[in-house]
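The values are calculated or read from the model by the stated rules, or taken from the named source; none is laboratory data. The structure presented is a predicted model; accordingly, all values stated were derived computationally and were not measured. Because the Cβ atoms are built from the backbone with ideal geometry, glycine has one as well, and the counts that use them run over all protein chains shown. Only protein heavy atoms, including side chains, enter the accessible area calculation; ligands, DNA and RNA are left aside. Shrake-Rupley method; radii C 1.70, N 1.55, O 1.52, S 1.80 Å.
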Amino acid sequence: LWDSPSNRRYSRAARTTTNSPTMYWYTASGGGLILVVLLLRRRLTASSDGASKAALPQSTLREDVASVRQWFANLIGPTLRGRPACKPTMPAVIPTVVEELKQVMDGELSWTFVDCGCGQGTMLQPMRNATVDGRRLFQRVVGVELDPATHREAVAAHNDPAIEVVCGDMFPFVDKLCAGDDILGGCAVFYIYEPLWMANLPAEEMRRLYGGLLDAVARHPGSVIAYCSADAYREIGASLLEEKGLVLRRAVKVAQNGAFNKLRGVYNPLEFWQVPRISTPPTSESL
């Protein structure tokens, strides 16, 4: 599947940029310019209506600066080293993911968290550490990463035995994981944040791939697709999720691009789609 012309272009996309002092200078200058514009925007919008701001993700200047640094480290940095760029979940977004999941997960079940396209594994340890009512939210955490070098970085960053990082294609992995009667003894949350953003796949192929993934997940009532789309496009359309039988349970806005979202005034939709549970009709004895 991944040995297609589109995906070979994806895996080599970052290798066309040389690691030169000029590129470093452009990177540093671009980052500085972004911070200056951000400071000006913060001052101009400081007196905006509080009610409208409350509905959007809020952040401090320190968090904005950290988001710019992380964006360059994961996008520009790998490109300069001839590696595929990463598109990580911002650390400031992870608490929102945790809190929203608490509203849809059944605490009596054993849960696994699967990050589809985990990059360096930014989300893995925080999701393993997440708790509800004094107990862990997830008994197991799995990251799936296609690029071997990025996979090695994710493995090196984690030593928790409950965290597994798999190197491979997320689509057959999810299909295999969902092949049984349950998912590792319970249900799972599949976190998806536009992992194919540089694959240049046709829309029909994207729909086929995600359609197969959703078919696999839909076999497990209660399981959740936590889907964060880009601020300007979606890899998984809402109509496809509905067609596969999932139900939208929660939806919020987050700043996956950190300060860049604030600069543009456009944020990322974060949605939680759940496979409906099978309700058992009452028996004659219970009536």
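Couple of notes before you dig in:
- Loop chymotrypsin sites (Phe, Trp or Tyr not before Pro), region 181-221 (other Cβ atoms within 10 Å of the site Cβ: 12 or fewer; DSSP): none
- Across region 124-241, the relative contact order, built from alpha-carbon pairs under 8 Å that are at least six residues apart, equals 22 percent.
- All aspartates and glutamates inside 16 Å of K87 as judged from Cα atoms, apart from same-chain residues fewer than 8 positions distant: D115, E145, D147, E153, E194, D231, E235
- Note on surface exposure: K176, K102 rank K176, K102 by accessible area, highest first, 1.4 Å probe.
- In loop segments of region 84-191 as defined by DSSP, the GluC sites (Glu not before Pro) with at most 16 further C-beta atoms inside 10 Å of their C-beta are E108.
- Summing Cβ point charges (Lys, Arg +1; Asp, Glu -1) relative to the Cα centre of region 88-245 gives a dipole of roughly 240 debye.
- Relative contact order (percent, whole number), region 122-184, Cα cutoff 8 Å, 6+ residue spacing: 29 percent
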